[in-house]
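The values are calculated or read from the model by the stated rules, or taken from the named source; none is laboratory data. Please read these numbers as outputs of a predicted model, since none were measured by experiment. With ideal geometry, Cβ positions are generated from the backbone for all residues, glycine too; neighbour counts draw on all protein chains shown. Just the protein is used for accessible areas: all its heavy atoms, side chains included, with ligands, DNA and RNA removed. Shrake-Rupley method; radii C 1.70, N 1.55, O 1.52, S 1.80 Å.
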Amino acid sequence: MRIPLIAAAALIAAMGLAGTRLAAQSPPDDSEKEIERYRQMLSDPFSNPGFLAVDRGEVLWSEARGPKSVSLEGCDLGEGPGKLDGAYAKLPRYFADSDKVMDLEQRLLWCMDKVQGLDTKDVVARRFSGPGKASDMEDLVAFIANKSNGMKIAPPLSHPKEKEAAAVGEALFYTRGGVNDFSCATCHAEEGKRIRLQGLPNLSVKGKAAQETMASWPTYRVSQSALRTMQHRLWDCYRQQRWPVPEYGSDALTALTVFLETRAEGGEINVPSIKR
Amino acid sequence: MLKLTITLAAGLLVAGQACAQDRPSQAVIDAYIKSTFGKASPEWQARIKPDETLAVCNATRNTPSSAQSEEMLKREAARVAYPADGKFLGDWKKGYQVANNGRGGQFSDPPGTVSGGNCFACHQLDPKEVSYGTLGPSLSAYGKDRKYDPESIKDAYTKVYDSMAVVACSNMPRFGVNKVLSVEQIKDVMAYLFDPESPVNK
């Protein structure tokens, strides 16, 4: 436990250097090498705190819960009940039983309700962890997504509802509103831009930026001392976009995720990653 | 040269059509938006209801036709309110606060939060400040470069009050029209850009 904390502190320090480097726009130097060293250290399962979430998620997955006293192992994430390998690489996808396109988090809530008979109100209330507040969803996503490591992002776009979600997601990406007239495209549709010192990936086109981004979520956020999922990332971006609070696990977020996965197709998943 | 322009225009036209075909109907898009934001208060709902101008920007991905642009520039220009006393320059020190403040308008902001303009998020201003964004052009030495010319001051005021009165579907917020900044705050920002004593011009 002590190792990750020290490593995390070192990373913050290194990231501070990264900021200065970015401002000065100098070529790669010693501080960059240092950051790379910390990065490598932190993708080590024994020192990236995100792997603690993976372990907790594994317990939650196989634990009998709810009035039916069954585990989530009967849950079909698209590859068959209980099959986890590679499932995350193809999510969000269409599920015939719910007649909906669902991302991992929507699907898990559906399974908790239908398979376990669990009241998900409390689970949703804890969708994002905080000090002294664990999140089952973050832990489960970390565990399940980790089972797709080494696999390529491959959004299935065969069902008409999957195609609709991708097209709506694309339209939403360009939909402006809120008091600042922002859309996702305001911040994520050009190469090499930044807001203050924060680099902004261009997520509007297929390519490396989108692949590396989508293949690295869920991630352990050092600044928040928590594992975060794509639902949290989009919640935070809609906050910066000055839009209303988005409903957790709802259709516009899933549509946006489908669209982003189409831009990221072929990216090799390696999670949980670690970020600022 | 003419041929090049025509080819280019034809290419844009084709791209525009492809884009329009791919876009689902607004009713379908709105159903998704409702599922995600439908529980917000009426006041918050109103904020994401596009006005006539944004509806055009959304449907064309910020590339309105020249007829749409012309109409938009005229419509937005009519919305600009100029200072009643005819004075465009306030206090540059207060203007710095406005330019540096990125708070306001987020669902995490406590009620009563005073909104800033967050100009540094997108623009370089004071050349000594290293933490600036690059979504917009550098505004360093903005007033000095324009010789503190009154027409330029008025143009910049128009830009900040309603960016789309100047550039159709500009990526810059319409600070005055959307009531993010008051006329007083915009005057202070103008001073930050145009006062010879402001660090922007040093």
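Structure above, values below:
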| quantity | calculated |
| --- | --- |
| Top-ranked residue in region B:130-141 [being within 14 Å of another protein chain (Cβ to nearest Cβ) and of a type in the set (A, V, I, L, M, F, W, C); ranked as least open to solvent (accessible area, probe 1.4 Å)] | B:Leu135 |
| Criterion violated by B:Met164 - all others in (1) assigned to a helix (DSSP H, G or I); (2) open to solvent by 10 Å² or more (accessible area, probe 1.4 Å); (3) within 14 Å of chain A (Cβ to nearest Cβ) satisfied | (2) |
| Members of region A:72-96 that are surrounded by fewer than 17 Cβ atoms within 10 Å (Cβ to Cβ), in a loop (DSSP other than H, G, I, E, B) and in contact (Cβ under 8 Å) with a residue 12 or more places away in the chain | A:Asp85 |
| Of the criteria (1) farther than 26 Å from A:Asp85 by Cβ; (2) in a helix (DSSP H, G or I); (3) more than 9 Å from chain B (Cβ to nearest Cβ), which one A:Thr186 fails | (3) |
| Criterion violated by B:Lys39 - all others in (1) open to solvent by less than 60 Å² (accessible area, probe 1.4 Å); (2) facing chain A (nearest Cβ under 9 Å); (3) part of a loop (DSSP other than H, G, I, E, B); (4) not polar (S, T, N, Q) satisfied | (1) |
| Test: residue in region A:257-270 that is in a helix (DSSP H, G or I), under 22 Å from A:Leu140 (Cβ atoms) and within 13 Å of chain B (Cβ to nearest Cβ) | yes |
| Flag for B:Glu71 being touching a helix residue (DSSP H, G or I) at 6+ places or on another chain (Cβ under 9 Å), more than 10 Å from every other protein chain (Cβ to nearest Cβ) and open to solvent by 50 Å² or more (accessible area, probe 1.4 Å) | yes |
| Candidate set: region A:221-249, residues that are in contact (Cβ under 8 Å) with a residue 40 or more places away in the chain and polar (S, T, N, Q); chosen: the one nearest to A:Ala142 (Cα to Cα) | A:Thr229 |
| Residues located in region B:89-102, provided they are more than 11 Å from every other protein chain (Cβ to nearest Cβ) and either within 18 Å of A:Lys193 (Cα to Cα) or not acidic (Asp, Glu) (or both) | B:Leu89, B:Gly90, B:Trp92, B:Lys93, B:Lys94, B:Gly95, B:Tyr96, B:Gln97, B:Val98, B:Ala99, B:Asn101 |
| Those residues of region B:74-92 which are touching a residue at least 12 places away in the same chain (Cβ under 8 Å), open to solvent by 40 Å² or more (accessible area, probe 1.4 Å) and in a helix (DSSP H, G or I), in sequence order | B:Arg75, B:Ala77, B:Trp92 |
| Region A:233-245, subset within 12 Å of the chain's Cα centre (by Cα) and closer than 12 Å to A:Leu260 by Cβ, residue nearest to the other protein chains (Cβ to nearest Cβ) | A:Leu234 |
| Qualifying residue in region A:171-181 (condition: under 21 Å from the mean Cα position of the chain (by Cα), part of a strand (DSSP E or B) and of a type in the set (Gly, Ala, Ser)) | no |
| Selection from region A:193-232 of residues that are open to solvent by less than 10 Å² (accessible area, probe 1.4 Å), in a strand (DSSP E or B) and within 14 Å of chain B (Cβ to nearest Cβ) | none |
| Count of residues meeting criterion [open to solvent by less than 50 Å² (accessible area, probe 1.4 Å) and touching a residue at least 40 places away in the same chain (Cβ under 8 Å)] in region A:120-134 | 4 |
| Test: residue in region A:254-270 that is hydrophobic (A, V, I, L, M, F, W, C), more than 20 Å from A:Val101 (Cβ to Cβ) and either open to solvent by 30 Å² or more (accessible area, probe 1.4 Å) or modelled with pLDDT of 95 or more (or both) | no |
| Sole exception among (1) within 18 Å of A:Arg176 (Cβ to Cβ); (2) touching a Phe, Trp or Tyr at 6+ places or on another chain (Cβ under 8 Å) for B:Lys179, by number | (2) |
| Test: residue in region A:142-158 that is in a helix (DSSP H, G or I) and over 14 Å from the mean Cα position of the chain (by Cα) | no |
| Single condition B:Val98 does not satisfy, out of (1) open to solvent by less than 60 Å² (accessible area, probe 1.4 Å); (2) in contact with a Gly (Cβ under 6 Å, 6 or more places away or on another chain); (3) within 23 Å of A:Pro244 (Cα to Cα) | (3) |
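Let's see how each residue does on (1) free of Cβ contacts under 8 Å to residues at least 24 places away in the same chain; (2) more than 13 Å from every other protein chain (Cβ to nearest Cβ); (3) part of a loop (DSSP other than H, G, I, E, B); (4) open to solvent by less than 20 Å² (accessible area, probe 1.4 Å):
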{"residue": "B:Gly143", "(1), (2), (3), (4)": "no, yes, no, yes"}
{"residue": "B:Lys147", "(1), (2), (3), (4)": "yes, yes, yes, no"}
{"residue": "B:Asp155", "(1), (2), (3), (4)": "yes, yes, no, no"}
{"residue": "B:Leu181", "(1), (2), (3), (4)": "no, no, yes, yes"}
{"residue": "B:Ile186", "(1), (2), (3), (4)": "no, yes, no, yes"}
